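Reviewing the structure listed below.
Nothing in this text is a laboratory measurement; each read-out follows from the coordinates by a stated rule. Because the structure is a prediction, the values reported are computed rather than measured. Positions of Cβ are generated from backbone atoms using ideal geometry, with glycine treated the same way; all protein chains shown enter the neighbour counts.
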Amino acid sequence: MYALIYTYMNMYSITDLRQKTTKVIESALANNYVHIIQNSRSKVALVDSDYLEMLQESYEDYLDVQEYDRHVNDPRISLEDHLKEYSSKKE
């Protein structure tokens, strides 16, 4: 299990977001993300869009590796056998 470590630099209250929007956005851009807290708990995160895109691509790569690992031991078929099997079904 992972634990998030909150620092003063990446935590802002809802009031900070309302009153210091530009500062919160600049901090998110500088640190890739900031947490918006409410009642002393992180409720949402404001994430730099480039960082979010990188996270999404990394997660897609991870899923691709997982899919590959599931099928790496599947039986292989030669191209010739594949062509014989599937070209005869077209006719």
* Given H placed on each backbone N at 1.01 Å, which residues far from M11 in sequence or on other chains put an amide H within less than 5 Å of it? -> H35
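Output the relative contact order of the chain, whole-number percent, from Cα pairs under 8 angstrom with separation of 6+ residues. Mind dumping the intermediate values first?
Values: 58 pairs, mean separation 16.1, N = 91.
Averaging sequence separation for qualifying contacts and normalising by length gives 18 percent for the chain.
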* To do: Determine which aspartates and glutamates satisfy two conditions relative to K23: a Cα distance under 18 Å, and not lying fewer than 8 residues away in the same chain.
  => D48
* **Estimated dipole of the chain in Debye, rounded to 20 [Cβ of Lys and Arg +1, of Asp and Glu -1, Cα centre]** => 720
* Structure fact -> Around D64 (Cβ within 12 Å, Cβ-to-Cβ, excluding D64; K/R +1, D/E -1) the net charge comes to -4
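For a footprinting-style exposure proxy, rank T21, T15 by other Cβ within 10 Å, fewest first. Don't skip to the answer; put the middle values down first.
Working: T21 12, T15 9.
Ascending Cβ contact count within 10 Å gives the list T15, T21.
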* **Mean ellipticity per residue at 222 nm, deg cm²/dmol - from DSSP H runs of n ≥ 4 across the chain, formula -39500 (n - 2.57)** => -18000 deg cm²/dmol
